[in-house]
1. Quick check on my filter: what residues within segment 135-155 are in a loop (DSSP other than H, G, I, E, B), at pLDDT 70 or above and over 26 Å from residue 165 (Cα atoms)?
2. Looking at 220, 186, 253, 194, can you tell me which residue is over 30 Å from residue 18 (Cα atoms), assigned to a loop (DSSP other than H, G, I, E, B) and modelled with pLDDT under 80?
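The values are calculated or read from the model by the stated rules, or taken from the named source; none is laboratory data. This is a predicted model, so every value here is computed, not measured.
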């Protein structure tokens, strides 16, 4: 299906010829819907110049080939079994090795335990051991040196007839009768209450630190640059022409059809 595109002069502008087909020029579905597929075996395009590759599928195993009605190998009769029994072929099997025959081993000196023997008919020498001392033999009840509590020999003795040594102690310094006692009790310079000279003489100027005074000025709020709206100047005047970039409408746009039809 070929579509002829007319080139018309629209105000000095000549539209260019489209390089490819435009979907809006066709009333039927596109060419891609009418061609058969090139993939797979069914509905393959016979007019295609491409070679069709072999298509493989996974089949299923039929039941007649899977069923086996013969017995297993365990049911097969033995080839050496006859009606009167097995044949006379000797059968051998693996078994553990028998122990070697050894002669009697005479025990050595270390194999005997004479200490474990019973009482002998001969006299045995005395045997001594280290044991604990019996409590019945303990007859010494004298207390030791650490059991005595002797009176103290320092300070005043009450139980001893010996004379005690002199004892010295450190006491606090006495305020009366000491070498540093002030017998005159003369008051110092800070003990006198002097009169302020500003009472009977001219007082010098006195300065103090106070808070800063606010200078008088205009405290009203002033509008800044952002408070002005210069774009609203054309409200009372004629506005200059304004141009915008619009969109180009396609010549293939379908007209709107209203579904409601007036009777």
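1. Matches in segment 135-155: 141, 142, 143, 144.
2. Selected residue: 186, the only one of 220, 186, 253, 194 that is over 30 Å from residue 18 (Cα atoms), assigned to a loop (DSSP other than H, G, I, E, B) and modelled with pLDDT under 80.
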